[in-house]
Amino acid sequence: MRSAAKFIVCALGAALAFSLVACTNDDPVPTETYTVQFEESRYLLAEGDVSNTATLSASVFQDGKSTELSAVYTVSDPTIATIDGATVTALKAGTATVTASYTPKGGTAVTAEAKLEVLGATAKSKVNAFSEEAVNLYGRTYFQNNNLVLDNVCTGLEIAFVGTELEVTFASGNGMIRTFLDGESEGTTSRIKSAGKVTVAEGLENGLHIARILKATSPQYGTLTLKSGVETDGSFFAAPEHPALKIEVVGDSITAGAGALGKSSDGGQTIENSDPTKAYAYLTAQTLDADFSIMAQEGYCVKDNPSIYDCYPHLSISNKADYDFSQFEADIVIVGLGENDMWHATSDKFPYTVAQFQDDYADLLRLIREKQPKAKIVCVYGMMPASDTAQAQTIITAAINATGDENITQLRMFKNEAGAQAHPSAEAHAKYASNLVKHIKNKVLK
């Protein structure tokens, strides 16, 4: 519309023989909107000669459309890194902000920011002691005989190294682990059946790599323990900073990813066809780039036997030592319970009622509030038939109202029984996570 108007003014000027400035489309129209966007939200570099440089990349958009225009890059702390054109070079360990800017002719500069983190070298002994100075620990991990215990679902650690391979050593255990390399979302699995060494990464390009190794099985199959014996063909670096956003989740078999990798025709859930890293809770944390702690196991109820209420204050479902909640002060707590409770409450096979479920659910919310006073609480349900009912929604709504807590929201999902043992499939979990991310962005983090 603006181009048409400009053309008319020029034509009239020519017809009246006035001397006007020639109309041109070479210069940007001041009223157009420009934005800048980084391709990456975070750039990781390592001190030293390997992986100490990166090429920054940001695009300039005009009215929402990509352009060939170039951004100019700067760094907030030139003692951490320097920038030459689009190349950033690490100088020392630390964090800084890189800024991409573009100034249209006659207009105001528009900018975008990304985090720059330069990792410093760390001692192999610190990595093998699983020191939080050197590695990132996820979930309610704990130590026994100097071994790192992975009990709850998705417990694990993150290791930074410069090299081409990484090996870890298990002291004992039965289950699966899934390793995510360099921020990938899929990961690869390894079956753990006994003590021994496991190669979790190999054949990589020599450079900086981040390996996140998580327990990919439910506590019902047992505990995994990692011992000193982490090896690389290169050198170790301190792990990146933990994400700022912290999400805690409590749930049942759905949250534990029971049958998520299987099909309804499988006949039952197994270690191989179940995976909590492919369930909605971890996928939500992954999408939001959040730190996470997940407590879940098959069959668990709010308070009816077996009871999450009884387990929540402890290290894990199997370890009754008190948990120190100051170790993980959650911004968001997701409650993924109600399926087993509604089954018990509406079946003649169990001495449990819907009235009890309502009171118990409210009590769990009060307990969570006591332990996580600053958290926003999100109640999710409806992912299998027993909780996918108007009655379940009414009960959970009443329980929330009974607490008088204004920082609780709820999200009813949709039922899915396409996975093994009539549990939700991985595809359904991906949709659950998408719904939950939208809910969190629109109603929790607003």
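The values are calculated or read from the model by the stated rules, or taken from the named source; none is laboratory data. In this text the structure is predicted, and so the values were computed from the model without any measurement. Here the Cβ positions follow ideal geometry from the backbone for every residue, glycine too, while neighbour counts run over all protein chains shown.
Brief remarks follow.
- Residue match in segment 374-389 (condition: surrounded by fewer than 17 Cβ atoms within 10 Å (Cβ to Cβ) and within 20 Å of Val333 (Cβ to Cβ)): yes
- The set of residues from segment 201-231 being β-branched (Val, Ile, Thr) and crowded, with 22+ Cβ neighbours inside 10 Å comprises Ile213, Thr217, Val230.
- Residue check, Asp289 buried (at least 24 other Cβ atoms within 10 Å of the Cβ), modelled with pLDDT of 95 or more and among the acidic types (Asp, Glu): no
- Neighbours by Cβ (under 6 Å, 6+ apart or cross-chain): first from segment 155-174, among the acidic types (Asp, Glu); second surrounded by 19 or more Cβ atoms within 10 Å (Cβ to Cβ) and modelled with pLDDT of 95 or more: Glu158/Asn136; Glu158/Arg212; Glu158/Ala239; Glu165/Ala201
- Check on Leu337, closer than 23 Å to Gln220 by Cα and within 23 Å of the chain's Cα centre (by Cα): yes
- Failed criterion for Ala238 (all others in (1) surrounded by 20 or more Cβ atoms within 10 Å (Cβ to Cβ); (2) touching a helix residue (DSSP H, G or I) at 6+ places or on another chain (Cβ under 7 Å); (3) small (Gly, Ala, Ser) hold): (2)
- Close contacts from segment 274-292, counting a first residue that is without any contact (Cβ under 8 Å) to a residue 24 or more places away in the chain and a second that is surrounded by fewer than 24 Cβ atoms within 10 Å (Cβ to Cβ), with Cβ to Cβ under 9 Å and a gap of 6+ residues or different chains, come to none at all.
- Just one of the numbered conditions (1) part of a strand (DSSP E or B); (2) in contact with a Lys or Arg (Cβ under 8 Å, 6 or more places away or on another chain) is not true of Leu364: (1).
- Scanning segment 318-331 for residues that are within 29 Å of Tyr221 (Cβ to Cβ) and either in the same structural domain as Thr155 (by TED's automatic domain parsing) or surrounded by fewer than 23 Cβ atoms within 10 Å (Cβ to Cβ) (or both) turns up Ser318, Asn319, Lys320, Ala321, Asp322, Tyr323, Asp324, Phe325, Gln327, Phe328.
- Subset of segment 254-276 (residues that are in contact with a helix residue (DSSP H, G or I) (Cβ under 8 Å, 6 or more places away or on another chain), among the hydroxyl-bearing types (Ser, Thr, Tyr) and more than 20 Å from Ile377 (Cα to Cα)): Ser264, Thr270, Ser274
- Being touching a Pro at 6+ places or on another chain (Cβ under 9 Å), at pLDDT 95 or above and not assigned by TED's automatic domain parsing to the domain that holds Gln286 is a property that Lys215 has.
- Where strands (runs of 3 or more DSSP E) sit wholly within segment 1-86, those with at least 2 residues that are assigned by TED's automatic domain parsing to the domain that holds Tyr102 and either closer than 30 Å to Phe236 by Cα or modelled with pLDDT under 95 (or both) occupy 42-46, 53-55, 72-75, 81-84.
- Residue list for segment 369-421, filter: under 23 Å from the mean Cα position of the chain (by Cα) and part of a helix (DSSP H, G or I): Arg369, Lys371
- Taken as a whole, the condition of being of a type in the set (A, V, I, L, M, F, W, C), crowded, with 20+ Cβ neighbours inside 10 Å and in a helix (DSSP H, G or I) applies to Met342.
- Scanning segment 298-308 for residues being in a loop (DSSP other than H, G, I, E, B) and either without any contact (Cβ under 8 Å) to a residue 60 or more places away in the chain or farther than 11 Å from Gly336 by Cα (or both) gives a total of 7.
- Number of the condition not met by Gln220 [criteria: (1) free of Cβ contacts under 8 Å to residues at least 24 places away in the same chain; (2) assigned to a helix (DSSP H, G or I)]: (1)
- Of all the residues in segment 224-274, those that are touching a Lys or Arg at 6+ places or on another chain (Cβ under 7 Å) and in a loop (DSSP other than H, G, I, E, B) number 3.
- If only residues of segment 82-109 that are in contact with a Ser or Thr (Cβ under 6 Å, 6 or more places away or on another chain) and of a type outside the set (S, T, N, Q) are counted, the one that is farthest from Glu39 (Cα to Cα) is Ala109.
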